[in-house]
Amino acid sequence: MENGVPKSTRDGNGKASQVIRMGTRKSQLARIQTDSVAEKLKELYPEVQLEIVAMSTTGDKILDTALSKIGEKSLFTKELENALERNEVDLVVHSLKDLPTSLPPGFTIGAVLKRENPHDAVVLHPKNAGKTLGTLPEKSVVGTSSLRRAAQLKKRFPHLEFKDIRGNLNTRLKKLDEKEDFAAIILAAAGLRRMGWENRVGQVLGPEDCMYAVGQGALAVEVRACDKDILDMVSVLHDPDTVLRCIAERAFLKYLEGGCSVPVAVHTEIKDSQLYLTGAVYSLDGSDSLKETMQASVASDKQEEDGVDDGAQRVGITAGNVPHLAQEAAEKLGVDLAKLLLSKGAKEILTVARQLNDAK
């Protein structure tokens with residue numbers, strides 16, 4: 001870095017010349033998310049030129065199959081990572097929940113931005129305005145592409161039916177509004193807010209109704225691990241609390257060997273330097289579940305600040321500016337909670353869920 005600008009963006013006269021290319025999916029939400037990261041980078045590095053490169057991913061192209069059935073862990077990231085590997089882009093902006101807990105060799109998450117509301121939201125068909133999931137008529141059909149959401153909500157609201165719905169936010173809202181197939185759909189509150197559609201939120205689901213996906217609500221910037229200039233440039237975007245929460249969540253999921261083909265849910269918060277992690281696994285119909293909460297101290301003193309392990313990855317995240325002892329504690333918390341659930345039978349629940357899903 002030189003005067004706040006990565007050296008790789010300077011020509012022989014010391015002037016900013018090279019364009020930083022930002023990869024993103026083509027959907028409106030992905031573009032909005034990428035634009036928001038670009039704005040932050042422009043504020044921090046006004047000399048840098050930014051160019052946005054949009055592309056379609058496997059998950060964007062296959063719209064007639066449930067996400068959990070496709071069997072590809074990097075549905076929304078593979079094409080973007082290929083472009084990153086070929087040096088066609090310098091960084092990629094993702095929804096963190098789309099990124100597998102193990103990244104391909106040579107890549108790292110260089111920034112995790114401050115988390116939006118991570119909870120799920122109910123968007124109602126206009127004819128059901130004012131209702132909630134609890135007050136929808138018997139056998140109302142609710143759309144969701146998530147096994148995690150369906151498993152929790154089937155048990156909580158047994159009078160409802162849940163059916164798969166695919167497509168980006170615009171597509172799913174259109175399917176809801178223009179047809180009579182669904183009484184409501186479940187979407188991430190963060191995506192609705194970023195799209196400016198808060199007025200469509202009929203109900204935000206608290207953890208007692210539906211815990212959220214690992215990393216939900218947070219944006220991640222993926223870079224080449226060897227590209228120190230770009231890594232240094234984006235690292236200032238890290239939000240320490242979000243980093244610690246997401247390290248714990250990703251470590252929990254990774255140790256469980258979970259993914260979108262099995263229902264795993266989390267809830268995290270930091271209070272008084274204590275990180276609280278609640279994690280759960282579910283059968284597909286929600287009838288069988290395990291849920292536990294653990295906590296760990298993520299306090300750090302100033303002496304420890306000098307000991308950050310710059311360059312070390314934790315579940316794919318490189319956060320040299322976040323105290324490494326706090327990161328260690330967060331990662332250990334996720335692993336310990338996963339071990340606790342596995343000791344109580346989580347592996348059996350997840351194995352059956354995976355087999356049933358594959359058999360469908």
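The values are calculated or read from the model by the stated rules, or taken from the named source; none is laboratory data. What you see is a predicted model; the values in this text were computed from it and never measured. All accessible areas refer to the heavy atoms of the entire protein, side chains included, with ligands and DNA or RNA removed. Shrake-Rupley method; radii C 1.70, N 1.55, O 1.52, S 1.80 Å.
Output the DSSP H helices from the chain with an along-axis C-alpha extent of no less than 27 Å and a mean Kyte-Doolittle hydropathy no less than -1.0. Going by DSSP H runs, the hits are 324-343. With a 10 Å cut-off between alpha carbons and a GNM built on the chain, which of P46, P240, P323 moves the most? Residue with maximal mean-square fluctuation among P46, P240, P323: P46. Close amide H pairs (under 5 Å, H built 1.01 Å from N) link D285 with no residue at least 5 positions away or on another chain. If the limit is 31 Å between Cα atoms, which of K97/K155; K26/K339; K40/K339; K42/K339 go over it? Over 31 Å apart, Cα to Cα: K26/K339; K40/K339; K42/K339.
Helices in the chain, meaning DSSP H runs of at least 4 residues, each add -39500 (n - 2.57). Divided by all residues, the mean residue ellipticity at 222 nm is -10000 deg cm²/dmol.
Structure remark: mean-square fluctuation, Gaussian network model of the chain, C-alpha springs under 10 Å; the largest value among T135, T34, T144 belongs to T135.
In the structure shown, do any of K163/K291; K78/K174; K174/K271 have a Cα-Cα gap over 29 Å, and if so which?
Values: K163/K291 25 Å; K78/K174 27 Å; K174/K271 40 Å.
Beyond 29 Å between Cα atoms: K174/K271.
Heavy-atom accessible area for M55, with the other protein chains in place and a 1.4 Å probe, reaches approximately 40 Å².
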